[in-house]
1. Multiply the residue gap between ALA32 and ALA50 by 0.36 nm, knock off their C-alpha separation, and tell me the result in nm, one decimal place.
2. Rounded, prolate or oblate, given the Cα gyration tensor of the chain, with a/c below 1.5 counting as rounded?
3. Rounded if a/c is under 1.5, else prolate if a/b beats b/c, else oblate: with a ≥ b ≥ c from the C-alpha gyration tensor eigenvalues square-rooted, which is region 1-46?
4. At 1.4 Å probe radius, can you tell me the per residue accessible area of the chain in Å²?
5. Place +1 on the Cβ of every Lys and Arg and -1 on the Cβ of every Asp and Glu in the chain, take the dipole about the Cα centre, and give the residue among ILE93, ALA34, VAL109 whose Cα lies farthest towards its positive end.
6. In the Gaussian network model of the chain, springs joining C-alpha atoms below 10 Å, which of LYS103, LYS73, LYS47 carries the largest mean-square fluctuation?
7. Could you look at region 35-120 and say what percent of its accessible area is carbon and sulfur, using a 1.4 Å probe and all protein chains?
Amino acid sequence: MFGILDYLKLGAGVAAGILLYHLYAVSIGYPAAARDARAGYVLLAEKAAAEAKATEMERQRNEAAQATEEHRKRLEAAQAAEQAAKDTLEQEISSYELQLSEKNRACAVTAADRDWLLRH
């Protein structure tokens, strides 16, 4: 049937085929290894994206809280300034009325005039 030389040729052919397949697989990368690497990369990329999204949401939440706190402080300051202006106006009006009463003069300021002064 086959001689020893035929078996050597057959073995050399199989070895050459395995060598060629190995060279081909190394040059394009092993498909299973590439598939595993891509699967791991997808999970890693999804994890990184989720972490980035969570970080961004936390940053936005912190900025919103800070903006709300600053707005609250400005509102309190504006209300305090408005109250101080009202108090000053009331004091000026009463001072003026006192000066008029000391000179025995009547104040011709009506309630409507007083309301207008308080609003402006």
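The values are calculated or read from the model by the stated rules, or taken from the named source; none is laboratory data. Here the structure is a predicted model, which is why all the values come from computation and not from measurement. Using ideal geometry, Cβ is built from the backbone for each residue, glycine included, and neighbour counts are taken over all protein chains shown. Surface accessibility is based on the protein's heavy atoms, side chains included, excluding ligands, DNA and RNA. Shrake-Rupley method; radii C 1.70, N 1.55, O 1.52, S 1.80 Å.
1. Extra length available between ALA32 and ALA50 comes to 3.8 nm.
2. Prolate, because a/c is 1.5 or more and a/b exceeds b/c.
3. Because a/c hits 1.5 or more and a/b exceeds b/c, region 1-46 counts as prolate.
4. Ligands and nucleic acids excluded, the result is 88 Å² per residue.
5. The residue sitting farthest along the positive end of the dipole is ALA34.
6. The residue with the greatest mean-square fluctuation here is LYS103.
7. Using a 1.4 Å probe with all protein chains present, region 35-120 comes out at 56 percent carbon and sulfur.
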